[in-house]
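Below: one structure, written as structure tokens.
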């Protein structure tokens, strides 16, 4: 990894610069060989990080006004997102970690894609691997960006709904207007389908994309597009390669030490986690560890003996007890944003429910849930369900299983398009009730003010005028 850092053409820094996508170019050494370019794709810290902003506005967390100032990395930033204000980043010169991180990843991918076909060397397997990983990582970054800053994929309007600028060449001086949701999704699909033929079935390290991971992300993309047959096909393909589930009955907290040190025998490094098909995590690991709680409404959905809740909250994290109850502390000690086997089972289950195969949907739920309960507490769900009842059970299970992952905010956006599932979200903020409706303009995050100032071609998302 140290050698790779010496070869980097790009440093994915969080400092600002006068470029239209707000990343820095750095370094004098230019990659020349296939190996050089592949090493660009081996930047662990550069590629594992994903969104933090998607966590702030969802309906599964609770923050108290009298405690918000304890939150690390900017109480104002957190509160602005939590209260769905017009801007998460208020000042014109504030850097946004999500925007910078994801566009920095895109830039590195574009460097590799621009030169890998003519790079020196004869290792065609490695050449294909570098190209496939660059395509897949670029697709992932654009998928997240489109769902943060654009409307949910909707064929009725996606040809005009604005998403984010599309950069396909490594030129950060090229000012571009925002592409449409349709354009971004088409690129994501094209990149992922091309990557499938270039990558090995499984990765050497799980932060690299592979056939399993790319099929998994394609399943999620098609789920968001409402193309349930395709989503199911790709979820199946991913699960045929990687389908491991941890049995939570086999784990517990390490005896005699604070619970924040983790579970005995459970992997404490992301690279060792067998449920991680393609590892990604929030770019702010401590975002929920202090002064952030699970909502009572969500907590009430867990039934007796469900170890997912038991492994999600602790009485006192490393920085001391919270004022209003147990602290959120995932057993992995990070917040997942990638492709995992539990998520793939849930994608397949949702597709089956929507494709009028409710029994198969319930089978996947029971397969997953059986691994999550105390011995003797698991009760299988009845397979005899209507399509709608099976779908409701799947969506409920998504909340229970994927809590503290980045997908809930995006799920809210897509479910708001369905009258059966759209809902208001309310916050109690020191006695004041603040509500986000399904029609709120602030479901689309504002493009950072600094980025708007650097690129005159960008159009800002309309806002709710929440100051």
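Please treat every number below as a calculation from the coordinates, not as lab data. All values derive from a computational prediction rather than experimental measurement. Using ideal geometry, Cβ is built from the backbone for each residue, glycine included, and neighbour counts are taken over all protein chains shown.
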Check your understanding: What does the highest-first list of 446-452, 423-429 look like by mean Cβ count within 10 Å?
Key -> 446-452, 423-429
Review point. Taking the highest mean first, how do the peptides 302-309, 155-162, 394-401 order by number of other beta carbon atoms within 10 angstrom per residue?
Key: 394-401, 302-309, 155-162
Check your understanding: So how do 378, 335 line up by other beta-carbon neighbours within 10 Å, fewest first?
Key -> 378, 335
Review point. In which sequence would 408, 463 go, from the one with the fewest C-beta neighbours within 10 Å to the one with the most?
Key: 463, 408
Study note, to complete from the structure: Once both label points are put 7 Å beyond Cα along the C-beta direction, the residue 91-residue 316 separation in nm becomes 3.6 nm
Check your understanding: If each residue's Cβ is checked for other Cβ atoms within 10 Å, how do 337, 42 rank with the fewest at the top?
Key -> 42, 337
Practice item. Take the alpha-carbon centre of the stretch 98-130, take the same for the stretch 313-368, and report the distance between them in whole Å. Key: 33 Å
**Study point:** Calculated SAXS-style log₁₀ I(q)/I(0) at q = 0.06, 0.07, 0.11, 0.12 Å⁻¹ - the chain, Debye, Cα scatterers
**Key:** -0.25, -0.35, -0.91, -1.10
**Study point:** Computed over the stretch 272-312, the ratio Rg/Rh where both radii use C-alpha atoms and Rh is Kirkwood
**Key:** 1.04
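Based on DSSP, what percent of beta bridges with both residues in the chain are antiparallel, to the nearest 5?
About 85 percent, rounded to the nearest 5.
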Check your understanding: Taking Cα atoms of the stretch 212-405, Rg/Rh with Kirkwood Rh, to two decimals?
Key -> 0.97
Exercise for review: Kindly provide the Kirkwood hydrodynamic radius of the stretch 110-170 in Å, to one decimal, from all pairs of distinct alpha carbon atoms.
Suggested key: 13.5 Å
Point to revise | Rh (Kirkwood; distinct C-alpha pairs) - the stretch 55-165, Å | key: 17.1 Å
Practice item. Determine one quarter of the surface area of the Cα convex hull of the stretch 334-467, which equals its mean projected area, and express it in nm² to one decimal. Key: 12.2 nm²
Check your understanding: Listed highest first by mean packing, meaning other Cβ atoms within 10 Å per residue, what order do 108-115, 172-179 come in?
Key -> 108-115, 172-179
Check your understanding: When the helices in the chain are scored as -39500 (n - 2.57) per DSSP H run of 4 or longer and the sum is shared across all residues, what 222 nm value do you end up with, to the nearest 500 deg cm²/dmol?
Key -> -12000 deg cm²/dmol
Check your understanding: Given the C-alpha centroids of the stretch 292-307 and the stretch 436-452, what is the distance between them in whole angstrom?
Key -> 29 Å
Review point. Given a cut-off of 17 Å, what percent of all Cα-Cα pairs of the stretch 415-467 lie beyond it?
Key: 53 percent
Point to revise | Overall dimensions of the stretch 168-243 as given by Cα atoms, namely Rg and Dmax in Å | key: 14.4, 43
